[in-house]
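*Asks:* One structure, pasted below without further comment.
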Amino acid sequence: MRDRVFISLLLMVLLFAGQALAAVEFQLELQRQGSHFEARFVLSSDERLPQNLRPDFPDFKGFRVLSGPATGSSLSIDNGRASYEYSWTFLLAPQSRGRLRIDSASLKYGGRTYRSQARTVEYKGPSASGQDLHFVAELSTDRPVVGEMVLLRFKIYYNTRISGYDVGPLTSSSGFLAEPLQEISNPRGSTERYLGEDWNVAVLKEIALFPTREGELRLPSVTGTFRLPDNSRRQRRSLFDDFFSNDPFNRSRQLQLATEEQVLQVQPLPSGAPEGFSGVVGRYELQASPDKLELKAGEAITLQVLLKGEGNLDLLPLLEPQLSDGLELYDTQQETEINRRGKIAGRRSQQTLIVARESGRQQIGALRLPVFDPQADQYRILQAGPWEIKVLPGEASAVEGLAPIGRARGVTSYGEDIRHILDAPEQLEALRAPLHRSLPWRASLAGLVLLPALAHVAGRRRQAHEADPQARRYREAGKLAKRRLQAAQKALAGGQREEGLRLLDEALLGYLADRLGRERGGLILAEVTRELQGQGQLESALAEELLDFSKRLDLARFAGSADGSEQLPEQALGLLGQLRAALEGRKA
Amino acid sequence: MRTFFTGILLLLSVFRAIAAEDFEAGNQAYSAGDYDGAIAAWEGLVDEGYAGLELYYNLGNARFRQGELGEAVWWWKRAALHAPFDRDVRKNLEIAAGLQEDRLEPAPRLALWDALDRLLWSLPPNMLALGLLLAVALASLCLSLRLARLSFSSRPILLAGTWTGASLGLLLLLLLALQVRVREQNREAVIVAPQVTLLGAPLVDAEALFDLHEGTTLAVDRRSGEWLSLRLPDGREGWCPPGGAKVVEP
């Protein structure tokens, strides 16, 4: 029970706290609409409020209420936070000229009373100019010095609704640089006195001008085109909220207005400019520092330089320091960020790479930038540094025998010339057709391509021959006989008489058997000789000689006669030659 | 027969020695600032049928020194046909490009194509042709020995030789064919007249299209007699009258 009471109390406290913490604002927005005024009471809250809320409105003394209150509500979400807006709008007609007061309205909610502010307006009757719109060009200053930023604003003073507009370009830029500022996509209205009266006013476009020469500069007139709806709607917070939600029937009219020509009297920069002044005008700050103050020879330092402020940042010079001999300046990279919101401001950051070449105490000289500050109307010198750098001996120079790191400098080019002629007469070659177009090359290539085909044919023939042993015997008979004769000679010389004589017989008889295609077994040399003689293949002298050889060989082999046997191999060789000549047509 | 060949060789070596002397004479004239003399010596060699990177390159230099930018570029371009990646030639052509009046933006090209170009032109055509012949010879001999059904025909080395020769031969044949095709398709001409107006047709009274100035190199589209149809990198084409441009030949 006690817990329930505690939780209930806690919830109530939280609820009240929530109510108390809920941000609620109650305001009066007043805008002139021609000869009428629009009074809009706006209640803003970050939580949803009941729909039946109704403030206590003032009595609008001095005004006649033409219409109202027209109620409206809206929800908007910004960065995930919802905000609610409830409005009550009256259209009021002043009943007399002079100062008129609208008292505050009050609203009770959550045990609190919220009050809008009271407003006093001065009504002098219908607009003196007879116009509901004035398109005006306004200069931030009309007597700038050379290089000073001048803001040119295009403003619209209005007492009527505007559903769209277009501001034309500045047609001439003689004598100044013009930098457009950020585009105003949703102009905000406010109240301002103009020509002795209160007007609604909004800035439509802004341009930053930088005069480049002294004297009188004329800025040409700029034309603006405005679209005015015929059928106004009531429930709006800004006069420009309707830009993209026009009357569905497009009932509007266009009005073109031009600004007056503006004149700038550009003053020269005052005398006494400091040394090194290069014409930089603006409000700037300079910050710079090296990333380290101690390093080894051969290593690099980065000098970070930051210039920030207002002015023409594009004209800022590159700032590079003077260095002592042991330091070498390398590349400098810079980056400029320009903010164009309401004026030209921004920052330029530089990164300068410096390489330590020699050990010892080295110096990075001070950075110095003289500028003219137009707001203070004086010259200033922006300065950073100098810095002393301690350079320790590097790795390479610590090793004995190595050359110290030199004072290398960039190579200066004076110009460029073509390369010198080539002196190589031995490279001369006769101009001839390329090799691949020559006949010998093509013929060789064709021959090489055909060669495998020929080899294939030859191979097949060879295979065919090898497949016929009779033909092979016939073809190789002479070769085989010669081989046997050599073996016989060797055997005889080695004392193997019997074997040698057998081989002699084999040689001649084998030859004849192979040539004649006969079986060797049972073949007798004398018989074959007579047969060949009978066929007319052997001449009688050769036949006689063969018979004689056969007889002597038989005597030597079977009777053991040694008479003349040593001449037998040579005689057999001679006979083989003669036989081959007779049977194969060879020369003996 | 031997005497005949010896005589021919002797005669050739004599001619070669004379040519080398003329080349050297041109070099000396150039070094002495006598560019006319240098041109006469070197062009004499060209007329005699000599060619080569050094000869063409030197002629380009001499023409350049004479202030004839178009002729200089033409000779350097000829030298580049012999050695496409010679640093001297390329440097001189770069310098000439900086002096030319016509600024023609080359068509954008991938780095990959440059690398392939280098590969393609890394060997001169004659060397490719010779290599191709040797590769085919290797493949052909190995294959022939295999097909001849000899006792050693089945040895693996013959199979390896056949494949190696055939693969190498195919690669070299491809490179050679590409070189020939690229060279034939990318024929260039150099404007040698100080200024020349390209016309819409190869007729004297044809409509004038645009002007070009000496040293500008363009692609040759086609010919009609002595008229050349030239194509700019942006695709525009026009006919160049005789004498206005010279085609770059090897």
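*Asks:* Given 20 °C and 1.002 mPa s, compute D for region A:42-159 with the Stokes-Einstein relation, Rh being the Kirkwood radius over Cα pairs; round to the nearest whole µm²/s. Walk me through the numbers on the way to the answer.
*Replies:* Values: Rh = 18.4 Å.
It comes out at roughly 117 µm²/s.
*Asks:* Using the Cα centre of the protein assembly as shown as the reference point, and only Cβ charges (+1 on K/R, -1 on D/E), how large is the resulting charge dipole? Debye, rounded to the nearest 20.
*Replies:* Numbers: 99 positive and 105 negative charges, 768 e Å.
About 3680 debye.
*Asks:* In degrees from 0 to 90, rounded to the nearest 10, what is the angle of the helix B:69-82 Cα long axis to the longest principal axis of chain B?
*Replies:* 10
*Asks:* Below 8 Å between Cα atoms, with a sequence gap of 6+, how large is the relative contact order for region A:22-123 in percent? Write out the running numbers ahead of the final one.
*Replies:* Values: 221 pairs, mean separation 31.3, N = 102.
Once divided by the residue count of region A:22-123, the mean separation gives 31 percent.
*Asks:* Over what distance in Å are the Cα centres of region B:126-202 and region A:153-207 separated?
*Replies:* Cα centres, region B:126-202 to region A:153-207: 76 Å.
*Asks:* In whole angstrom, and with the biggest value first, how far do the Cα coordinates of the protein assembly as shown range along each principal axis?
*Replies:* Extents along the principal axes, in whole Å: 176, 99, 79.
*Asks:* Can you give me the P(r) profile for region A:295-399? Cα pairs, bins 5 angstrom wide beginning at 0, each as a whole percent.
*Replies:* Going out from 0 Å in 5 Å bins, region A:295-399 shows 2, 11, 19, 19, 15, 11, 9, 6, 4, 2, 1, 0, 0 percent.
*Asks:* Follow-up. Once the Cα gyration tensor of chain B is diagonalised, what are the square roots of 5 times its eigenvalues, in whole Å and ordered largest first, as equivalent ellipsoid semi-axes? Before the final figure, lay out each step's value.
*Replies:* Numbers: eigenvalues 347, 151, 55 Å².
Computed over chain B, the values are 42, 27, 17 Å.
*Asks:* Taking the Cα centre as origin and putting +1 on Lys and Arg beta-carbons and -1 on Asp and Glu beta-carbons, what dipole magnitude results for chain B, to the nearest 20 debye?
*Replies:* Numbers: 23 positive and 30 negative charges, 371 e Å.
Dipole size: approximately 1780 debye.
*Asks:* Given only helices, namely DSSP H runs of n ≥ 4 each adding -39500 (n - 2.57), what is the per-residue ellipticity at 222 nm of the protein assembly as shown, to the nearest 500 deg cm²/dmol? Spell out each step's value before the answer.
*Replies:* On the way: 16 runs with 285 residues, N = 838.
Here the helix-only value at 222 nm equals -11500 deg cm²/dmol.
*Asks:* Name the residues whose placed amide hydrogens come within less than 5 Å of the amide hydrogen of A:Leu538, ignoring near sequence neighbours (fewer than 5 apart) on the same chain.
*Replies:* A:Gln533
Rule-based calculations on the coordinates, nothing more; no lab input. As the structure is a computational prediction, the values presented were derived from the model and not from experiment. For neighbour counting, all protein chains shown are included, and Cβ atoms are generated from backbone atoms with ideal geometry for every residue, glycine included.
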